[in-house]
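Heads up, the thing below is written out as structure tokens.
The values are calculated or read from the model by the stated rules, or taken from the named source; none is laboratory data. Owing to the predicted nature of the structure, the values given are computational and were not obtained by experimental measurement. Glycine also receives a Cβ, built like all others from the backbone with ideal geometry; neighbour counts cover every protein chain displayed.
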């Protein structure tokens, strides 16, 4: 039996949530859909869907196969459009992953604008502070923040964000303000778990690096949680300006050691290099460059295409 027909039927079953919906979408009988699904599972030698009287549930193998099938069929459609010179608008499922804080504050709105502009796109947006393997987990695009290590991914710089040492006015009133980085040894310093070395803070001053080993009562893997702790007066933290720009304007948080430099964070769109860059991915990344590059309060640096071999040293603020 034609494998593409089986794949298309499987996609319709999953998207429609039932054999009946898939039958209506494909213009065939429900019995034919059932026959195709049996044939597909027998061909693969695995169960793709667990069926109950009311619902269908993808197995783990079914979920992986579904994502690959969507991609294969979308690539096939795009190939046909290219050779027949049909330059249609981007379409299909676009799977995107990004850090929670950045995604919630700055990416969700951009994604909404993108979907309003390109009605043929469906987006699966996953916000997660853990490391995400784009290739293994089937994502088209990831937003990464930090220093790119070596990897097989392609990367395009979207913007930059500064890092700011900060504390609440209440904390400064109670415990005083550090005047040099070495003073931080006597302060409560709140640590970001996903930093390359959470308790080692590095500052630049007159061409030299000042390294301080700090400690405190809280270590956390999310930037917004650290922001809340700093606001509450628990201690001092290094936070990205894209996260705390409003706090700095309202003086809810105070910048400290302003004469000492902290690194800039690159903000990148990364995507697998081992496959053709589809129209939907290219269009989305171009859209991100324009929209995020306009964030003058915290962006900067060159925007270009880079190759990298590895992943992010400090990521997911």
Consider residue 94 carefully, then state whether it is within 23 Å of the chain's Cα centre (by Cα) and closer than 28 Å to residue 115 by Cβ. yes
Does segment 39-47 contain any residue that is part of a helix (DSSP H, G or I), at pLDDT 90 or above and either crowded, with 16+ Cβ neighbours inside 10 Å or not assigned by TED's automatic domain parsing to the domain that holds residue 15 (or both)? yes
Looking at segment 109-127 only, could you name the residues that are closer than 21 Å to residue 241 by Cα and loosely packed, with under 14 Cβ neighbours inside 10 Å? 109
A careful count of residues in segment 200-214 that are surrounded by 13 or more Cβ atoms within 10 Å (Cβ to Cβ) and out of contact with any strand residue (DSSP E or B) (no Cβ under 6 Å at 6 or more places or on another chain) gives 1
Among 200, 212, 185, which is touching a helix residue (DSSP H, G or I) at 6+ places or on another chain (Cβ under 6 Å) and either more than 27 Å from residue 249 (Cα to Cα) or not assigned by TED's automatic domain parsing to the domain that holds residue 260 (or both)? 212
If you scan segment 5-17, which residues turn out to be surrounded by fewer than 17 Cβ atoms within 10 Å (Cβ to Cβ) and either at positive phi or at pLDDT below 90 (or both)? 15, 17
Please indicate, with yes or no, whether at least one residue in segment 132-139 is at positive phi, in the same structural domain as residue 244 (by TED's automatic domain parsing), touching a helix residue (DSSP H, G or I) at 6+ places or on another chain (Cβ under 9 Å) and buried (at least 16 other Cβ atoms within 10 Å of the Cβ). yes
Any residue at all in segment 182-198 that is surrounded by fewer than 16 Cβ atoms within 10 Å (Cβ to Cβ), in contact (Cβ under 8 Å) with a residue 12 or more places away in the chain and closer than 24 Å to residue 132 by Cα? yes
When residue 105 is evaluated against the numbered criteria (1) surrounded by 12 or more Cβ atoms within 10 Å (Cβ to Cβ); (2) modelled with pLDDT of 90 or more; (3) out of contact with any strand residue (DSSP E or B) (no Cβ under 8 Å at 6 or more places or on another chain); (4) not assigned by TED's automatic domain parsing to the domain that holds residue 290, which criterion, by number, is the only one it fails? (4)
Filter segment 261-270 down to the residues that are out of contact with any helix residue (DSSP H, G or I) (no Cβ under 6 Å at 6 or more places or on another chain) and surrounded by 16 or more Cβ atoms within 10 Å (Cβ to Cβ) and list them by number. 261, 262, 264, 265, 266, 267, 268, 270
Inspect all residues belonging to segment 233-241 and state whether any of them is in a loop (DSSP other than H, G, I, E, B), under 21 Å from residue 106 (Cβ atoms) and modelled with pLDDT of 90 or more. no
Every listed condition ((1) assigned to a helix (DSSP H, G or I); (2) on the phi > 0 side of the Ramachandran plot) holds for residue 289 save (2)
Residues (more than 17 Å from residue 146 (Cα to Cα) and either touching a helix residue (DSSP H, G or I) at 6+ places or on another chain (Cβ under 8 Å) or touching a residue at least 60 places away in the same chain (Cβ under 8 Å) (or both)) located in segment 221-236: 227, 230, 231, 232, 233, 234, 235, 236
Being surrounded by fewer than 16 Cβ atoms within 10 Å (Cβ to Cβ) and in contact with a helix residue (DSSP H, G or I) (Cβ under 7 Å, 6 or more places away or on another chain): is that true of residue 20 here? yes
